[in-house]
Amino acid sequence: MTDLLWQKPGVEVDARIQAFLAGDDVLLDREFFLHDIFASSAHAQGLQRIGLLTSDELAGLEQELTQLAEDFRSGAFVLDARFEDGHSAIEARLTERLGDVGKKIHTGRSRNDQVLVATRLWLKEKLAHLQALAREIAKVALARAEAERALPMPGYTHLQRAVVSSAGMWWAGWAEAFIDDAIRAGDTLALIDCNPLGTAAGYGVNIPLDREHTTAALGFARMQVSPIYAQLSRGKFELAALEALGSATLDLRRLAWDLSLFASAEFGCIALPAQYTTGSSIMPNKRNPDVIELMRASHASVAAARTEIEQLLSLPSGYHRDLQATKGAIFHGFGRGLAALELLPALLASLEWREERLRGAIDSGMYATDVAVEAALAGIPFRDAYRTAAASADSAGRGRSPEGSLAARRSPGAAADLRLEALRERWQGLA
Ligand code: ARG
């Protein structure tokens with residue numbers, strides 16, 4: 001790390017202390033660097049609009065920022081330990097290329113300002129991606145619910161065979177879950193869609209910054225008004241975003257559990273395409289559903305990120321360097337969570353049911369609830385009907401079929417009245 005921006009004459013820099021302070025910053029800031037450059041350009045435009053930069057100076061800065069972004073993408077510029085962080089790297093590069101004009105970029109802003117706006121833009125991008133993925137997953141589930149509405153499968157509670165169910169019901173459950181997850185991602189996106197740039201280190205600055213301009217230029221829905229709140233929202237918004245992600249990865253975790261069980265020899269009711277399984281290095285007979293297991297594991301990273309940030313936020317108002325650690329958490333949580341969700345639509349589209357195994361797992365007792373409810377319909381008090389049905393559960397299936405049970409399951413949302421139209425309508429509203 002050469003030439004710290006804030007270095008004071010006569011104070012010696014201790015390399016070990018600096019390395020501790022920087023942590024993984026330059027590595028993590030790579031993730032946010034393009035957003036930082038984009039926001040730097042909007043900041044420069046704002047300075048020009050209030051007369052603090054000439055049009056030529058602005059043109060020079062914008063050109064160099066565009067070039068820096070290109071060099072970063074191509075690998076010609078590497079953000080590494082030469083720099084304290086991404087923010088100072090931008091300033092150093094502009095100063096190297098433009099001299100005094102480059103030194104003007106930091107007028108009226110702080111690195112706290114920079115990191116807030118860059119991570120805010122990044123979070124918006126991730127939430128939009130989450131929303132699109134959840135929508136895509138719901139789409140596959142809806143289509144399969146429609147196509148397989150009549151396919152009988154065992155319904156379990158407590159991992160015990162409970163009642164006759166259908167693939168249509170199973171898919172519709174995931175469809176509605178991921179529609180909600182998409183809505184939650186969109187709602188959270190709307191919550192955090194506000195521009196913190198121009199709040200300086202959390203107390204504003206003695207310049208009438210054109211915050212309306214930077215808000216529009218960066219595509220934010222509104223300005224985050226209070227500089228103090230801008231700092232308070234760091235971490236809080238990250239948590240909200242991780243909560244939204246966690247809704248989806250929790251659904252994924254439960255779905256992955258179903259698939260793991262269904263793929264076992266004991267259940268044996270699904271077949272996974274070969275590319276979703278791996279071989280064992282020692283047991284030649286095995287194909288392991290590793291993809292499903294790592295999908296299931298992804299929620300652990302999201303939950304860890306949430307916990308890390310929640311613990312960090314035990315702070316008074318204002319900026320504290322503690323907040324730097326929110327970056328690693330969101331990077332890890334979103335990295336793992338989205339990577340797992342990305343693989344899900346294709347996996348769901350390609351899994352195959354073993355229909356004879358599904359049917360074979362439906363035993364006589366699974367009709368006992370139907371028998372009891374039918375007797376109640378005929379006028380027998382339900383508790384008495386329940387006792388009679390319990391006593392004869394072994395023969396409850398006599399003369400009955402899974403199809404018959406499903407055809408009679410007409411409570412709204414159940415097999416005979418799936419209400420997929422209602423789900424489809426909500427799905428369409430997601431766009
Ligand atoms: N790396 C810091 C962070 O992520 C931003 C830089 C602010 N540093 C400082 N000493 N004020 O929060």
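Out of 147, 162, report the one residue that is more than 16 Å from the ligand (Cβ to nearest atom), closer than 30 Å to residue 401 by Cα and touching a Gly at 6+ places or on another chain (Cβ under 7 Å). When all the criteria are applied, what remains is 162.
For segment 198-237, residues that are within 16 Å of the ligand (Cβ to nearest atom), within 14 Å of residue 117 (Cβ to Cβ) and not hydroxyl-bearing (Ser, Thr, Tyr) total 8. Within segment 106-159, the set of residues being among the basic types (Lys, Arg) and touching a His at 6+ places or on another chain (Cβ under 7 Å) comprises 109, 111.
The rows are residues; the columns are (1) in a helix (DSSP H, G or I); (2) closer than 30 Å to residue 315 by Cα.
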position: 206; (1), (2): no, yes
position: 237; (1), (2): yes, yes
position: 254; (1), (2): yes, no
position: 257; (1), (2): yes, no
position: 266; (1), (2): no, no
position: 282; (1), (2): no, no
position: 294; (1), (2): yes, no
position: 298; (1), (2): yes, yes
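Only one entry in 368, 339, 346, 325 is farther than 30 Å from residue 243 by Cβ and either within 16 Å of the ligand (Cβ to nearest atom) or part of a helix (DSSP H, G or I) (or both), namely 368.
Which of the residues belonging to segment 144-177 are small (Gly, Ala, Ser), open to solvent by less than 30 Å² (accessible area, probe 1.4 Å) and within 12 Å of residue 353 (Cβ to Cβ)? The answer is 166, 167, 168. Give the residue, chosen from 15, 42, that is open to solvent by 60 Å² or more (accessible area, probe 1.4 Å) and more than 14 Å from the ligand (Cβ to nearest atom). Answer to the selection: 15. Beta carbons closer than 9 Å, at least 6 apart along the sequence or on distinct chains, pair a first residue in segment 219-248 that is open to solvent by 20 Å² or more (accessible area, probe 1.4 Å) with a second that is aromatic (Phe, Trp, Tyr) for 227/203; 228/203. Taking residue 57 as meeting all but one of (1) open to solvent by 30 Å² or more (accessible area, probe 1.4 Å); (2) within 16 Å of the ligand (Cβ to nearest atom), write down the number of the exception. Only one criterion in (1) open to solvent by 30 Å² or more (accessible area, probe 1.4 Å); (2) within 16 Å of the ligand (Cβ to nearest atom) is unmet by residue 57, namely (2). When residue 86 is tested against (1) open to solvent by less than 20 Å² (accessible area, probe 1.4 Å); (2) closer than 15 Å to residue 36 by Cα; (3) over 29 Å from the mean Cα position of the chain (by Cα), only condition (3) is not met. Scanning segment 393-410 for residues that are more than 16 Å from residue 153 (Cα to Cα) and out of contact with any helix residue (DSSP H, G or I) (no Cβ under 7 Å at 6 or more places or on another chain) yields 398, 399.
Taking helices (runs of 4 or more DSSP H) as the structural unit, those lying wholly within segment 1-120 and holding at least 1 residues that are modelled with pLDDT under 95 correspond to 15-22, 25-49, 86-98.
The values are calculated or read from the model by the stated rules, or taken from the named source; none is laboratory data. All values derive from a computational prediction rather than experimental measurement. Because the Cβ atoms are built from the backbone with ideal geometry, glycine has one as well, and the counts that use them run over all protein chains shown. Accessible surface areas use protein heavy atoms only, side chains included; no ligands, DNA or RNA. Shrake-Rupley method; radii C 1.70, N 1.55, O 1.52, S 1.80 Å.
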